[in-house]
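Single-structure report; data block below.
All of the numbers you see were taken from the coordinates with simple rules; none came from a lab. Keep in mind that what you see is a predicted model, and the values were worked out from it rather than measured. Quick reminder, even Gly has a Cβ in these numbers, built from the backbone with ideal geometry, and neighbours come from all protein chains shown.
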Amino acid sequence: MFDRSVSHLIAPLIQRLARQARRLGLSANQLTLLGFLLGIFAAFLIAFEAYLAGAAAILVSRLLDALDGAVARLTHATDAGGFLDIALDFVFYASIPLAFAFSDPARNALPAAVLLAAFIGTGSSFLAFAVMAAKRGLSNLATPDKSFYFLGGLTEASETLLCFMAMCVWPGLFIELAYGFAALCAITTVTRIWWGWRAFQ
């Protein structure tokens, strides 16, 4: 929901950092892999109840995730790079609820499972629309720098990041945050399926 506004707000900073990354010789794919590995490290930190350290690692991981696309556009964006970016993003997003389940299985396992199931809904509707849009040659003029055309929703990257941050800052509220965010994901899934169905009639 807020991704477009947030992207516009931080675009000048991302562009400066992207130029610096190029001067250091870093490629878009290297930044993608580094961001992913740092995100998985964040999950390990959370699993061992180092929540604030995990939050810091998540923030840096997502900064690198924003940088990889900017660096790609400064050089040569490729389908392989876009594929790698989105595939690893989905693995990262799944790793954080799983980490909270590991940190306190008796308390967190069920809400983590519900949240992961909700992520399946948002992820599958997101990718299914992108596949059909590509098949029809559709493109989104509002986000021309993205690798493919997709539908937004209540729970995009910005909202998910805010939820993860809240979970790390207030781990005692994980249950409430997980169920609440899962409900928002369910709304996103339903609206994406509805709009996708209408778009492809």
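In a simple Cβ point-charge model (Lys, Arg +1; Asp, Glu -1; nothing else charged), the chain has a dipole of about 600 debye relative to its Cα centre. Two tests apply to each whole DSSP H helix in the chain, Cα reach of 27 Å or more along its axis and mean Kyte-Doolittle hydropathy of at least 0.5, and the ones passing both are 28-47, 51-74, 79-103, 105-136, 174-199.
State the answer as a single residue: which of Trp197, Trp170, Pro105 lies farthest towards the positive end of the charge dipole of the chain, with beta carbon charges of +1 for Lys and Arg and -1 for Asp and Glu, about the Cα centre. Of Trp197, Trp170, Pro105, it is Trp197.
In region 21-125, a dipole from Cβ-located charges (positive for Lys and Arg, negative for Asp and Glu) runs towards its positive end, and of Leu88, Ile46, Leu34 it is Leu34 whose Cα lies farthest in that direction.
The protection proxy used here, the mean number of other Cβ atoms lying within 10 Å of each residue, ranks peptides 175-187, 12-24 as follows, highest first: 175-187, 12-24. In terms of packing, defined here as the mean over residues of other Cβ atoms within 10 angstrom, the peptides 78-89, 58-69 line up highest first as 58-69, 78-89.
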